[in-house]
Amino acid sequence: MTTLTATGTFAVGAGSVTTLATTVTIIPSTGTGTGRGRLVHPTLGSFDYLRGPDEWQNIDTDAIIAPIWSSTKTLLGAANSLFQGDLRDVVIEERWTQRVAMELDQARMLIAMWQTPPDPTVAYVQWYPSYANALGFNVVLLDLAIGGGTGITLNPLTKNGVGWARGPVVLKIRIASRIA
């Protein structure tokens, strides 16, 4: 643990000298493709993945935005439309595919962040896929599945205090915007 110390004195009117101290948590940055991933929840705080996902969908050096195709039947055939997609259309999946997918602490933090969605009119969860790029996104955690299938399936690996969650684990994320 590194301790940073800073001091300074400045006059505020004719007030008396007061000493204040505070603790600031400094989270290390990660370079492109060198991290494991990070979620920052407005009330639960920052969480750096203990183990990065084994595979991910719709993210590389940036979000992969699919075009939008629409077709409507007409009297003589069809009317087709093709539009460029939007960042807000992107749904990301992070997958931990191993039979023993992740530490129980990571699984419980993902569950807590998914179960405690912030009001999107106030704040978003911030997501940093540092295993793929150096970007950050405001996101909504759409779904979490642990143990295969849907929902949260736990088993003796977790119950008996061994401290592991069985895979696969799938976290679905919708991007709301980029973090500037």
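The values are calculated or read from the model by the stated rules, or taken from the named source; none is laboratory data. Keep in mind that what you see is a predicted model, and the values were worked out from it rather than measured. Here the Cβ is made from the backbone with ideal geometry for all residues, glycine too, and neighbour counts use every protein chain on show.
Go through the residues of region 96-107 one by one and say whether even a single one is of a type in the set (D, E, K, R) and part of a strand (DSSP E or B). Yes: one or more hits.
Restricting region 137-180 to residues that are surrounded by 13 or more Cβ atoms within 10 Å (Cβ to Cβ) and basic (Lys, Arg) leaves a set whose member that is modelled with the lowest pLDDT is 166.
Which is closer than 27 Å to residue 164 by Cα and polar (S, T, N, Q), of 84, 106? Just one listed residue meets the conditions, 106. The single residue among 101, 21, 123, 78 that is small (Gly, Ala, Ser) and under 30 Å from residue 164 (Cα atoms) turns out to be 101. Condition check for residue 99 on (1) within 20 Å of the chain's Cα centre (by Cα); (2) at pLDDT below 95; (3) closer than 22 Å to residue 147 by Cα: one failure, at (1). Only one residue in 121, 72 is among the hydroxyl-bearing types (Ser, Thr, Tyr), surrounded by fewer than 15 Cβ atoms within 10 Å (Cβ to Cβ) and either part of a loop (DSSP other than H, G, I, E, B) or within 17 Å of the chain's Cα centre (by Cα) (or both), so which one is that? Of the residues listed, the single one that is among the hydroxyl-bearing types (Ser, Thr, Tyr), surrounded by fewer than 15 Cβ atoms within 10 Å (Cβ to Cβ) and either part of a loop (DSSP other than H, G, I, E, B) or within 17 Å of the chain's Cα centre (by Cα) (or both) is 121. If we keep just the residues of region 76-117 that are in contact (Cβ under 8 Å) with a residue 24 or more places away in the chain, in contact with a Ser or Thr (Cβ under 9 Å, 6 or more places away or on another chain) and more than 12 Å from residue 39 (Cβ to Cβ), which is surrounded by the most Cβ atoms within 10 Å (Cβ to Cβ)? By that ranking, first place goes to 107.
Does residue 130 count as over 16 Å from residue 105 (Cα atoms), in a loop (DSSP other than H, G, I, E, B), of a type in the set (S, T, N, Q) and modelled with pLDDT of 90 or more? Judged against the criteria, residue 130 is a match.
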